[in-house]
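Below: the structure, in structure tokens.
Nothing in this text is a laboratory measurement; each read-out follows from the coordinates by a stated rule. In this text, all values refer to a predicted model and were calculated from it rather than measured experimentally. Neighbour counts run over all protein chains shown; Cβ positions are idealised from the backbone, glycine included.
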Amino acid sequence: MKGKLLMHFLFVLCFTQLTFAQSSKITGTVTSSDDNLPLLGATVLVKGTSVGTVTDFDGNYVIEAPLNSTLVFSYVGFQTKEVKVTSTAPLNVALLAGDELDEVIITALGIKKEKRALGYAVQAVESDALMEGNQNNMVSGLQGKVSGVTVVNSGGAPGSSAIILIRGGSSITGNNQPLFVVDGIPIDNSTSSSLEVASTNRASDINPADIESVSVLKGPAAAALYGIQAAGGAVIITTKRGKAGVSTVSYSGSISSDKIIGTPNVQKTFGKGAQNRVAGGIIDYDLESPFSFGKAIGADTPTFNNIEDFYESGTTQNHNLSYSSGTEKSNIYMSIGDLSQDGVIQGTSYDKTSFKINANSNVSDNFTVGISANYITTDILSSKQGNASGSSFGSLLAFPADVNAKDYLNADGSQKAFYLGQQADNPYWSTNNSPNSDETKRLIGIISLNYKFLNDFNLSYKIGTDNYTEFNKKVTGNGSLIDTREDGYISQFEKDHTRLTSNIFLNYQKDITEDFSFDGMIGNSVEELDVRTTRTSGKSFQAPGIYSIGNILKENQEISEFITRKRIVGLFGELKFGWKNAVFLNLTGRNDWSSTVPKDKRSFFYPSVGMSAVVSDLFKAYGKDITSENGLTYFKLRATWAQVGKDAPIGALESSLGTNINGLASSSYTWNGVNVGNPNLEPEFTNSFEIGTDMRFFQNRVGLDVTYYTSTSDNQILRDIRVPPTTGTFYATLNGGYIKNSGVEAMLRLQMLPSTSTLSWNLDFNFGTNKSDVKELPGFLSEVYLSDSWTFRNSAAGAAVLDGSLFGLRGKRPVINENGQALINSIGLPVLTDQTYTDVNRAPDWTLGISNSVGYKNLNLSFLLDIVQGGEVYNATESALAYYGLSTNTVDGRNESVVFPGVDAAGNENTIAVERDQNYYQFYYSQNSENFIEDGSFTRLRYVTLSYKFPTEVLDKLSLSGLELYATGRNLFTITNYSGADPEVNTFGAGIAGAGSTNIDNLGTPNVKGFDLGLRFRF
């Protein structure tokens, strides 16, 4: 027996010696395919053996491997790659970024967690994907790339805002957008009012080129630890930092050309004039009018495309320069970015300059210090929009097709009126004489400390500040034709915004046994917000052309100051239990104390509980492997229940007095029934539940992530609710209301070809469907609407409708009796009153974003196709066109008679004929909101990009480590049945909270399409 064992041992020894004798020394470098930088600590294994090594500081490796064997290269966050050893020549490998089974993702408070352990849906967008499409606003860069997320741009004006909603909305009058967090510190993403000019959302200040990744935490379950600010989810932004092993200077630049997507069609059949009825019912035409209800335009009369010709080509230059360096103990990243955009309207522009520094140092083996600062300046020049006096689009409607809007100056340089009594400015005159500017200076600074002790403990502290000053000025110049503004008018505000955040938390992580692990965390956060706003306005400049409040007499000035302060103190904790690294239980709890709710209700607690199970690993743990190379690779189930609270808006507890209630009242302070608070407000709460699965097939080449969720938000805090004057007030602030959201998200990723193929082809599908239903409203209310969303001549407004959608509509519509008959007035027209629509939903039924990337050697083609199905649009722009007589719908049947079906007040059938004349179109047709509700479905090619990365041979000659050229087309085509310029519209912007103004088209600047040429290089 011993002899046999000895012979067996000698045989194995000889075989091993023979094998090693046949092995060769293989060397090479492992780099990232994205930036060609070395990867420190990448693993290199000889497939089928335990022989392996890791790369050094410069990404180099040395390993003994037989010829014709296979080396397996892997690195966290990158796709594993297998390469066959065919010679002893250096074997250099570039790894592609990818979604691995052990992916680490940034979650609440900036904490890194394994995605497998999460009981809720989180989706990450890496830097390259965010930059595709060349969007200036980082929020717009998320369009179509995250399932369950809706992003809507407010228009094509420079610096215009973008609104983002995750899983619908949870508040009727409050903020429904997610919390934005940069490197663990919340920042401001508010938007000033866009009722007069397009305003930007503050998250757009962040330079997309400085972003490493964006994690979208969907709903309260994912963001429970952030508390009251994150009822709508959270967008976690991680900025770039220096990388160990290399010093790199990088540049990226592009130049773009933009044009508006389109303008509404206008009629050129009838020209300038208003209709007057004379004796015998004959129509007489008054040519001193801005309306297009005149006589037919003669064949020899020139016509003009006043709306279309007003817009010109816009250009944008974007330059970014960065420096990155690092060692094993410290790293630094610095950048400067400059964006200069000239808008599609003359005199409009958006300029942003950003300076960024991010430095980190390991002071000792256990103690790390980090500091980052981001200073941003933005300067915006805008034109007025919407219902505002001097609105560019609104003013253009007053120019019939036979009047040339470009002819706007008299011989002496004064503004020319084209009809007697004109009280609207020519838009060309306004762009040159009525500037609207916004200047912002912002600093986001963060200091972070991290100390590891006793092997299993980690103490982290972060303090951050988000400070900015904003100076906004709107001017109507001397020589205006607007009534009371002939000598000029100015309105301006200066805002000082300070947000200070302090977070400290202690982590404990321990593998209790080989199978059982425990993570614990407890922390405290303090946030203070201080906003001071000074508003001044005045009329009649003393010296023409000097647009300063100091150029106006004091008696013609008005001034007001607003000071708002808020403090939130939070105590939070998390417990995570893991078993066999396959089953995880997560428990969180947070208690907040907020200064905006009554003292006896300031403290409120909300928990969450979640569980995830990697089923495929569970089977392996018990000796039954359900995975295979040609089938299932990974299978995870997850579920989470969570609750999150929301406090009251600042100042909602107190009522205030006002002056100048009406022209006959005294100017002393008195009750005005407008600024009405409620000292008995309570916090509102959102309860959510989600269940989902994450499955991978065919060695991760197919990935499917599906989530079903439902949430209820009750005890709503309703601010500035209109109530009947019989209650003794016009507005009220109260608790009440119940919203239910439910939906499905799905993400499908396909790697169409194996990683060994020279041709790569990847497809991503991001699907989302959501319903936001209003189940209850307090008392007698059947709707809640915000007056800021009123459209042209108050024909409609966005509203939350009882038993309808949170994103519903109210508007003027015919009165219908109990028999379904329209009530007709004494002149034969249906009676119009303000009513709600229970069947109108301005949110889409579902969305689908399809991302495609095809690469061959150094050439890559990518595109994003965005499909939005459902969602009604209220076309108030068409209503305004009809009012002025420019709508093509006013041509056929003009001046013909019609009898409307219905009954009079006595119940008699209507027999009165009505002529479709100017009065009909202005006082009935354009006011009937039912005429302007349209399907907002569309399919849009968001972008298509063709890029080329130069080969190593060229880079070596140029002493560069990377060089890339690319061309991008944006919004190249849109398929839609919508009759307006663009179905993707939100004229009033992200500044309208609650039901908002999404899918309301009201005289704004249309979105743009364009082309970009860009260059990137590194050395």
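Things worth noting here:
- Measuring nothing but how far apart in sequence close Cα pairs (under 8 Å, 6+ apart) lie, relative to its length, region 17-95 scores a relative contact order of 36 percent.
- Normalised contact order of region 916-1003, rounded percent, pairs of Cα under 8 Å and 6 or more residues apart: 27 percent
- Summed residue charge, Cβ within 12 Å of Ser292's Cβ, Lys/Arg positive, Asp/Glu negative: +3
- Cα gyration tensor shape for region 141-246, rounded if a/c is under 1.5, else prolate or oblate: oblate
- Burial order of peptide ranges 440-451, 748-759, 365-376 (average beta-carbon count within 10 Å, highest first): 440-451, 365-376, 748-759
- Cross-link partners of Lys356 among lysines (Cα-Cα below 20 Å; sequence separation of 8 or more within a chain): Lys240, Lys243, Lys441, Lys462
- Extending 7 Å from the Cα toward the beta-carbon at both Leu571 and Thr27 defines two label points whose distance is 6.1 nm.
- Classification of region 17-95 by its C-alpha gyration tensor yields a prolate form. The axis ratio a/c (a ≥ b ≥ c) is 1.5 or more, and a/b outweighs b/c.
- Environment charge of Gly1004, counting only residues whose C-beta is closer than 12 Å and scoring Lys/Arg +1, Asp/Glu -1: -3
- The mean sequence separation of alpha-carbon pairs under 8 Å and at least six residues apart, normalised by the residue count of the chain, gives a relative contact order of 11 percent.
- Summed residue charge, Cβ within 13 Å of Gly893's Cβ, Lys/Arg positive, Asp/Glu negative: -2
- Phi angles across region 792-809 convert, under the Karplus curve 6.51 cos²θ - 1.76 cosθ + 1.60 with θ = phi - 60°, into 3J(HN,Hα) values of 3, 6, 6, 6, 6, 7, x, 8, 8, 10, 4, 6, x, 8, 4, 9, x, 8 Hz, Gly and Pro given as x.
- Structure-derived Kirkwood radius over Cα pairs in Å: which label, when the choices are (1) 40.7; (2) 46.5; (3) 31.6: (3)
- Each of Val46, Val815, Val644, Val235 was scored by other Cβ atoms within 10 Å of its Cβ. Listed from fewest to most, they are Val815, Val46, Val235, Val644.
- Which of Phe393, Phe1011, Phe453, Phe685 has the fewest Cβ neighbours within 10 Å, and the rest in rising order: Phe453, Phe1011, Phe685, Phe393
- Listed peptides 923-936, 144-157 by packing density, highest first (mean Cβ within 10 Å): 144-157, 923-936
- Of Lys145/Lys624; Lys352/Lys646; Lys601/Lys740; Lys495/Lys771; Lys145/Lys384, those spanning more than 28 Å from alpha-carbon to alpha-carbon: Lys145/Lys624; Lys352/Lys646; Lys495/Lys771; Lys145/Lys384
- Sorting the segments 409-415, 850-856 by their residues' average number of neighbouring beta-carbon atoms within 10 angstrom, most packed first, yields 850-856, 409-415.
- Cβ-to-Cβ counts within 10 Å put His319, His497 in ascending order as His319, His497, the fewest first.
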